[in-house]
């Protein structure tokens, strides 16, 4: 089931969108402020984001600009602003679509489906994920660092695959555990720490002069940010 994040401060609008999308078969999470919204994007994976512009504490365009540094998740902007210049500016910032308030719920659901189909096709067509001299082939399951082919365990491969597919996104230990081990995270981080350490050692052996995985203290792990 695909998961959609709604960032909208008007409670009635947020609820209306959530109900329509839940009825259409999606899992939905709601945020009501810009600060809560960007935290959700940083700490969790979503298939699509519905983003209002006029938000408390952090505006929608600020969120869009910030998240595009680490995420390619499709974003549909929903705004009362119906100015051509505003739409163009937001599309340039990285929005994938734009819906003006007041809106028809049927149109919103149709736009969501359209953007998800487009995003899915792009993911399907992109089978080799690269970062620095590191390459992961999603078809053959081969991982290379430069000219060296790496031998990874299944868990190490899945961790690296998550990090590469989601760019600069920070994954908490619970994110990694639940995504890779597909089980509830109960606070014991030894498994994650051990696999991250082993993966780092193998990457270091393949290329001693490069850093690939960064620890974000108090949060988790991501690809090394230059």
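So for region 128-223, averaging the separation of alpha carbon pairs under 8 Å that are six or more residues apart and normalising by length, what relative contact order in percent results? 27 percent.
With the simple spin-label model, which puts each label point 7 Å out from Cα in the Cβ direction, the residue 45 to residue 154 separation comes to 1.7 nm.
The value of relative contact order for region 3-125, using C-alpha pairs under 8 Å at least six residues apart, is 22 percent. Taken along its principal axes, the alpha carbon cloud of region 55-117 reaches lengths of 30, 26, 22 Å, longest axis first. Seen against the Cα atoms of the chain and their longest principal axis, helix 84-93 is set at about 10 degrees. Put in order of Cβ neighbour count within 10 Å, fewest first, the listed residues 55, 223 become 223, 55.
Quick one: Debye curve from the alpha-carbon atoms of region 142-226 only, equal weights, vacuum; give me log10 I(q)/I(0) at q = 0.13, 0.14, 0.22 Å⁻¹ to two decimals. Log10 of I(q)/I(0), two decimals: -0.39, -0.45, -1.12. DSSP beta bridges confined to the chain are antiparallel in about 45 percent of cases.
All distinct Cα pairs of region 3-125 go into the 1/r average, and the inverse of that average, the Kirkwood radius, is 14.3 Å. For the chain, what percent of Cα pairs sit more than 25 Å apart? Result for the distance tail: 46 percent.
By how many nm would the segment from residue 191 to residue 23 lengthen if fully extended, with 0.36 nm per residue of separation less the alpha-carbon distance?
Numbers: separation 168, 0.36 × 168 = 60.48 nm, distance 3.75 nm.
Result for the pair: 56.7 nm of gain on full extension.
Can you tell me the relative contact order of the chain? Whole percent, Cα pairs under 8 Å, sequence separation 6 or more. Each step should come with its number before you reach the end.
On the way: 321 pairs, mean separation 31.8, N = 226.
Reported relative contact order: 14 percent.
What separates the Cα centres of region 31-89 and region 175-226 is a distance of 28 Å.
Pop the C-beta distance of residue 130 and residue 200 into the FRET formula with R0 = 22 Å and round what comes out to the nearest 0.05. Mind showing how you got there, number by number?
Details: r = 19 Å, r/R0 = 0.85.
E(calc), rounded to 0.05, equals 0.75.
Across all C-alpha atoms in region 102-178, the radius of gyration and Dmax reach 16.7, 55 Å.
Since every read-out is calculated from the coordinates, none of them should be taken as a lab result. Keep in mind that what you see is a predicted model, and the values were worked out from it rather than measured. In this analysis, Cβ positions are derived from the backbone assuming ideal geometry, glycine residues included, and neighbour counts consider all displayed protein chains.
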